[in-house]
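These notes are about the structure you will find just below.
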Amino acid sequence: MNWIAVSQPIHEDMAVYRNDPQKRPVIETSRELAVHGMHESILHLPLHTGTHIDYPLHALPGGKSSSDYRMFPAEFDALVVDVTRAPVCIGLDEVRDLPLPGVEAVFIKTRRTLLRRFDPDFPWLTGEGAAWLAQFPLRFVGIDQLGIERNQPDHPTHRHLLGRDILIIEGLDLSSIDAGRRRFRAFSLGLRGVEAEPLLVFAAPVQGRAQPSLTFW
């Protein structure tokens, strides 16, 4: 069974949040084959670049860090919600009727193609929408944008979710994933004591069963 990668490739020209140079990965050659007999590189990677997970320490005073979790490798059922034609603000109207019983994660699909450049007007999950999702026993809420909220004072989307121990995955690539319930696997780097870390996320292929329509028109 060939699982489908839904993480962004890491490279120096990838899209980064607000086009901030400090968030851009840098790959430095540390040893050259002609000089040292082998080629080696050093990766300088900000933890909030590409596909990554936010832990409570990112937004909550005294919040838990990566060291407080033993969840990876993780395998879970997620509901992929297609909002590519919904309003830019993904609020209560877009999430309150989702069939969430038995679902461990909600992944919000806002794009039909891989994000290659930062969009300052990117779709985002409102605090009201996050508060509704936080009522359910979810493990993760994810989105295919570089951030899950935009220009909200005090970051209520992060606080509502992380305050209920629902971890946030940003920077997914859901362009090849249809709406509906899907099995996923996620792998972390195993970093200790940090507020975020890169993730590798994979979707299981659909095996001849119909997927329910969850596209908002």
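The values are calculated or read from the model by the stated rules, or taken from the named source; none is laboratory data. As the structure is a prediction and not an experimental result, all values here were calculated from the model. Positions of Cβ are generated from backbone atoms using ideal geometry, with glycine treated the same way; all protein chains shown enter the neighbour counts.
When region 31-83 is filtered for residues that are touching a Ser or Thr at 6+ places or on another chain (Cβ under 6 Å) and either part of a strand (DSSP E or B) or within 23 Å of L189 (Cα to Cα) (or both), the ones remaining, listed by number, are E40, S41, I42, T51, Y55, L57, F72, D82. Residue pairs whose Cβ atoms lie under 9 Å apart, sitting 6 or more positions apart in sequence or on different chains, and linking a residue in region 111-127 that is of a type in the set (S, T, N, Q) to a partner that is assigned to a loop (DSSP other than H, G, I, E, B), are T113/S175; T126/G91; T126/E149; T126/Q152. For region 33-61, a residue qualifies if it is more than 22 Å from R164 (Cα to Cα), in contact (Cβ under 8 Å) with a residue 40 or more places away in the chain and among the β-branched types (V, I, T), and exactly one does: T49. Close Cβ contacts (under 7 Å, 6 or more residues apart or on different chains) running from residues in region 134-148 that are part of a loop (DSSP other than H, G, I, E, B) to residues that are small (G, A, S) comprise L138/A105; R139/A105; L146/A15; L146/G171.
Here D165, D154 are screened, and the one residue that is surrounded by fewer than 18 Cβ atoms within 10 Å (Cβ to Cβ) and under 17 Å from the mean Cα position of the chain (by Cα) is D165.
In this entry, V95 is excluded by the filter for residues that are under 30 Å from G180 (Cα atoms), surrounded by 11 or more Cβ atoms within 10 Å (Cβ to Cβ) and under 16 Å from the mean Cα position of the chain (by Cα). Within the set D54, D20, the sole residue that is over 24 Å from R192 (Cβ atoms), surrounded by 11 or more Cβ atoms within 10 Å (Cβ to Cβ) and at pLDDT 95 or above turns out to be D20. Quick check: anything in region 8-29 part of a strand (DSSP E or B) and small (G, A, S)? Taking every residue of region 8-29 in turn, none turns out to be part of a strand (DSSP E or B) and small (G, A, S).
The C-beta contact set for region 63-74 (first residue of a type in the set (F, W, Y), second residue not in a loop (DSSP other than H, G, I, E, B), distance under 7 angstrom, 6+ apart or interchain) comprises F72/A186; F72/F187; F72/S188.
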